[in-house]
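**Q** Pasting a structure below so you can have a look.
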Amino acid sequence: MDIASLLGDEASSLLDHKATAFPKELLTLPGPDYLSDVFALSDRSPTVLRNLGTLHNHGRLNGTGYVSILPVDQASSTRPRRRSHRTRVLRPRPAL
């Protein structure tokens with residue numbers, strides 16, 4: 001697939017763009033030492049730093065410097081579930 005042909009007239013401006021708003025040396029890229037590079041010299045308490053470390057060093061993205069936090073619908077997780085009209089509750093029959 002030719003991306004340039006899909007982009008049409010804007011292909012060269014989109015594909016050849018160079019960001020100049022700030023130097024790339026100022027970026028802190030995610031990595032195993034992300035917490036120590038970014039938060040070590042901050043005024044955050046040890047408890048906050050420990051909790052950040054727990055978030056960063058857990059799950060599939062463990063130690064990569066990336067964190068994935070998925071949203072939770074609080075309304076549906078705290079309400080009791082309503083039974084659907086199709087849901088049947090099976091009860092044992094009394095012995096004859």
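The values are calculated or read from the model by the stated rules, or taken from the named source; none is laboratory data. The shown structure was predicted, so the numbers you read here are calculated from the model rather than taken from an experiment. With ideal geometry, Cβ positions are generated from the backbone for all residues, glycine too; neighbour counts draw on all protein chains shown.
**Q** List the residue pairs whose Cβ atoms are under 6 Å apart, where the first residue sits in segment 20-34 and is within 26 Å of N57 (Cα to Cα), the second is surrounded by 10 or more Cβ atoms within 10 Å (Cβ to Cβ), and the two are 6 or more positions apart or on different chains.
**A** T28/D37; T28/V38; P30/G65; P30/Y66; G31/G65; P32/G63; Y34/G65
**Q** Quick check, is T54 loosely packed, with under 10 Cβ neighbours inside 10 Å and either at pLDDT 90 or above or not in a loop (DSSP other than H, G, I, E, B) (or both)? Spell out the reasoning first.
**A** Working: loosely packed, with under 10 Cβ neighbours inside 10 Å: yes; either at pLDDT 90 or above or not in a loop (DSSP other than H, G, I, E, B) (or both): yes.
For T54, the condition - loosely packed, with under 10 Cβ neighbours inside 10 Å and either at pLDDT 90 or above or not in a loop (DSSP other than H, G, I, E, B) (or both) - is met.
**Q** Just to verify a result, which residue in segment 57-73, among those that are farther than 17 Å from T28 by Cβ and in contact with a Ser or Thr (Cβ under 9 Å, 6 or more places away or on another chain), is surrounded by the most Cβ atoms within 10 Å (Cβ to Cβ)?
**A** Among them, the one singled out is G59.
**Q** When you look at A21, is it surrounded by 10 or more Cβ atoms within 10 Å (Cβ to Cβ) and aliphatic (A, V, I, L, M), yes or no?
**A** Working: surrounded by 10 or more Cβ atoms within 10 Å (Cβ to Cβ): no; aliphatic (A, V, I, L, M): yes.
No; evaluated as a whole, the condition is false for this residue.
**Q** Here is a check on your reading of the model: is A40 part of a loop (DSSP other than H, G, I, E, B) and at pLDDT 90 or above?
**A** no
**Q** Taking the conditions exactly as written (without any contact (Cβ under 8 Å) to a residue 24 or more places away in the chain, under 18 Å from the mean Cα position of the chain (by Cα) and not in a loop (DSSP other than H, G, I, E, B)), does N62 satisfy them or not? Lay out the reasoning, then the answer.
**A** Numbers: without any contact (Cβ under 8 Å) to a residue 24 or more places away in the chain: yes; under 18 Å from the mean Cα position of the chain (by Cα): yes; not in a loop (DSSP other than H, G, I, E, B): no.
Against the criterion (without any contact (Cβ under 8 Å) to a residue 24 or more places away in the chain, under 18 Å from the mean Cα position of the chain (by Cα) and not in a loop (DSSP other than H, G, I, E, B)), N62 does not qualify.
**Q** Okay, moving on. Of all the residues that make up segment 14-51, how many are among the acidic types (D, E) and within 17 Å of G65 (Cα to Cα)?
**A** Our first condition is that a residue be among the acidic types (D, E); within segment 14-51, this holds for 16, 25, 33, 37, 43.
Next cut, within 17 Å of G65 (Cα to Cα) only: 33, 37.
Qualifying residue count for the region: 2.
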